[in-house]
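Only the coordinates and a few stated rules stand behind these numbers; no lab work does. From a predicted model like this one, the values you see are computed outputs, not experimental measurements. Here the Cβ positions follow ideal geometry from the backbone for every residue, glycine too, while neighbour counts run over all protein chains shown.
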């Protein structure tokens, strides 16, 4: 059974090997955040949870948005991380969006991103009262395109026109929550 939970000390031992796997083998499209977060969690879990708690607060430095991190489990097995930004600023409307994710490398290819998105979209509706959320992927990230196209079909929403953001071409998807 799939479930999402906020990181906690009692879940850390179940997640530790997956976090180390992400640290060693991040997605080629990760801009460093998953790798750095996994490394931080594995080295100093108390500091990591303090950092996550601070990130949930509405009181953020200028330009930062409150974010909740959710861990995805399949029964007792840790399979991924979802970061949910509570709202969007101008930068996140062009690149980043509401949700970022990273699946443990050995768990990729098993449809965990789409299955996890279902839970996260429901979490966004229940906890943030969002009716839709924005996700982006690099135009070269074929795996994320497939996931987001499937999500569009499953949950409804709309595809945005690709646009240049920094050095990349970003493809955006608004997905309905429920």
Next on the checklist: Nearest 10 degrees is fine. How inclined is helix 112-128 to the longest principal axis of the chain, computing both from alpha carbons?
Outcome noted: 90 degrees
Checklist entry - Which percent of Cα-Cα pairs in the chain sits in each 5 Å bin, short to long? => result 1, 8, 17, 22, 22, 17, 9, 2, 0
Checklist entry - Using 7 Å Cα-to-Cβ label points, what is the residue 3/residue 24 separation (nm, one decimal)? => result 2.8 nm
Checklist entry - Can you give the angle from 0 to 90° between the axis of helix 33-43 and the longest principal axis of the chain, with both taken from C-alpha atoms, to the nearest 10? => result 10 degrees
Checklist entry - Roughly how many Å is it from the Cα centre of the range 33-78 to that of the range 95-126, as a whole number? => result 15 Å
Next on the checklist: Using Cα-Cα distances under 8 Å and only pairs 6 or more residues apart, what relative contact order does the range 1-123 have, in percent?
Outcome noted: 29 percent
Item to check | Whether the range 85-170 is rounded, prolate or oblate, judged on the alpha carbon gyration tensor where a/c under 1.5 counts as rounded | outcome: oblate
Checklist outcome for this item: Rounded to the nearest 10, the angle in degrees between the Cα long axis of helix 45-56 and the longest principal axis of the Cα atoms of the chain comes to 30 degrees
Item to check | Helical contribution to [θ] at 222 nm, DSSP H n ≥ 4, -39,500 (n - 2.57), averaged over the chain, rounded to 500 | outcome: -12500 deg cm²/dmol
Checklist entry - What spacing in nm lies between the two simple spin-label points modelled at residue 127 and residue 10, each 7 Å away from Cα in the Cβ direction? => result 1.7 nm
Checklist outcome for this item: Checking 107, 164, 125 against a Gaussian network model of the chain (alpha-carbon springs below 10 Å), the top fluctuating residue turns out to be 164
Item to check | Added length on full extension, which subtracts the Cα-Cα distance from 0.36 nm per residue, residue 36 to residue 95 | outcome: 19.3 nm
